[in-house]
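S.K.: Below is one structure. I have some questions about it.
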Amino acid sequence: MKLLMIYCTKFAYKPAVKNLDFVKNISEEKTFENVLVAFIQAEEKDEDNLTSIEKKLVKNLKWAAKKNETNTVILHSFAHLSESKAKPEFTKELFDQAEARLQNANYETAQTPFGYFLDLDVKAPGYSLARIFKDL
């Protein structure tokens, strides 16, 4: 898994192009403030152990959220960080499980519309821990 975490003072999205047939139609735009946005690419090798990779993901998200003094985490599928890609169904299951674990730890969470290319509005401050990359 590749994980790019960006702390954003503002993060907004608008669904632009649906690219997976099995997802529902979504047109709602959303805006968040003071959030950690996780750009996540699950890889084919991750499919061998969902539980392990999900725990690593959540551990890293909680650490980065704490360092950036936020309690809100946005999960965003970003299949442009590696040449290897997990199946979309696996990635969605991973996101759902990670989101549930974060919520159980009292984090506010959201997922960007899965299976869509989005118009993004990102405002991120320029300090070291506002941008963190991990290869899990």
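What follows is calculated from the coordinates using simple rules that are stated; it is not laboratory data. Just so you know, these numbers come straight off a predicted model, no measurement behind them. When we count neighbours, we look across all protein chains shown, and the Cβ atoms used for this are built from the backbone with ideal geometry, even at glycine.
S.K.: Let me have the relative contact order for the chain, percent, based on Cα pairs under 8 Å that are six or more residues apart.
M.R.: 42 percent
S.K.: Going 7 Å from the Cα of Ser27 toward and past its Cβ, which residues in the range 97-127 have a backbone nitrogen under 16 Å from where you end up?
M.R.: Counting only backbone N, you get 119.
S.K.: Still on this structure: Dipole size in debye (nearest 20) for the range 1-61 around its Cα centre, Lys and Arg Cβ +1, Asp and Glu Cβ -1?
M.R.: 260 debye
S.K.: Here's a follow-up. Highest first, please rank the peptides 38-47, 124-133, 9-18 by the mean number of other Cβ atoms sitting within 10 Å of their residues.
M.R.: The most tightly packed comes first, giving 38-47, 9-18, 124-133.
S.K.: Can you tell which of Thr72, Thr51, Thr91 shows the greatest fluctuation in a Gaussian network model of the chain with Cα springs below 10 Å?
M.R.: Result for the chain, Cα springs under 10 Å: Thr51 fluctuates most.
S.K.: Mind putting a number on the dipole of the chain about its Cα centre? Charges go on the C-beta only, +1 for Lys and Arg and -1 for Asp and Glu, and I need it in Debye to the nearest 20.
M.R.: 440 debye
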